[in-house]
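These notes are about the structure you will find just below.
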Amino acid sequence: MQQLITNTKLFWQGAVLSYRALFAWLRPTTFIASMIIFPLGQIMFFTLLGIYATGHANASFFLIGNAMQITASSGIFGVTMAIGGERWAGTLMYLFGAPANRLAIFTGRATVHILNGFVEVLLGLAWGWILGWVDFSRTDPFALALTILIATFSTAALGLLLGCIGLVTVNVMFINNLVYFLLLLFSGANVPIANLPLWMQYISWSLPLTRGIEAARAVIGGAPLANVSALLVGEFLIGVAYLVVGYVFFRVLEVEAKRRGTLETF
């Protein structure tokens with residue numbers, strides 16, 4: 001029991017402190033802009049582009065897709081830097097040298113970013129309501145909240161894996177941007193999955209967000225939770241898979257870094 005309490009404290013302390021460290025250098029106005037202005041800019045751009053291309057009746061399709069996809073900004077960029085940033089900040093040796101539970105350290109880095117992504121999605125959907133592009137009158141709030149939470153979890157799990165890649169390369173921001181924009185294409189945020197070539201569809205269904213976006217559209221359209229449960233279970237399992245792969249990669253890197261004596265320059 002004492003060990004469980006210790007690991008829980010480690011989990012939450014790591015979650016909060018890593019988040020504070022990541023944003024400590026930002027001014028409040030910059031942080032607010034990343035939470036409000038950036039999501040609004042992406043949502044407005046792709047929604048207006050979609051309206052121009054397909055008509056105003058499809059506005060909700062593009063707005064919901066991009067509002068859900070916004071969670072990738074926290075799940076990919078935030079989580080990746082929470083893990084990979086340890087290397088360039090010079091704290092990786094202390095992280096690997098600490099006699100602490102590695103799973104608590106690893107998963108704790110993503111926790112606050114999951115909540116951050118959850119709030120960003122809600123803000124994005126709120127813009128849809130304010131602009132009159134999305135009708136929430138038939139939406140089950142609990143089903144929608146659960147959908148957003150599972151989607152943010154699966155995206156953060158991908159971010160943990162990318163963060164481990166950041167431990168062995170200085171080009172992590174290039175990788176982050178590449179994955180972020182690939183998700184815009186493959187997740188169905190702006191292009192229906194059924195309209196993609198078959199080989200792209202296979203990739204789409206193996207990525208986070210694809211099922212989450214489809215479930216969110218269905219729930220907002222009035223579908224009950226039971227109707228989207230298969231999509232949500234699939235989204236959750238995708239997240240678990242990326243989490244496991246990322247954690248295994250994390251442990252392998254730790255062992256190899258200690259063996260080679262390259263905790264600072266892997």
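Within segment 40-65, restricting attention to residues that are surrounded by 24 or more Cβ atoms within 10 Å (Cβ to Cβ) and not hydrophobic (A, V, I, L, M, F, W, C), the residue that is modelled with the highest pLDDT is Gly65.
Would you be able to say whether some residue in segment 150-165 is under 21 Å from Phe62 (Cα atoms), in a helix (DSSP H, G or I) and without any contact (Cβ under 8 Å) to a residue 40 or more places away in the chain? No; the residues of segment 150-165 include none that is under 21 Å from Phe62 (Cα atoms), in a helix (DSSP H, G or I) and without any contact (Cβ under 8 Å) to a residue 40 or more places away in the chain. Screening Pro208 with (1) of a type outside the set (Gly, Ala, Ser); (2) in contact (Cβ under 8 Å) with a residue 24 or more places away in the chain; (3) under 11 Å from Ala151 (Cα atoms); (4) in a helix (DSSP H, G or I) gives one miss only, at (4).
The values are calculated or read from the model by the stated rules, or taken from the named source; none is laboratory data. Worth saying up front: this structure is predicted, and the values here are computed from it rather than measured. Neighbour counts run over all protein chains shown; Cβ positions are idealised from the backbone, glycine included.
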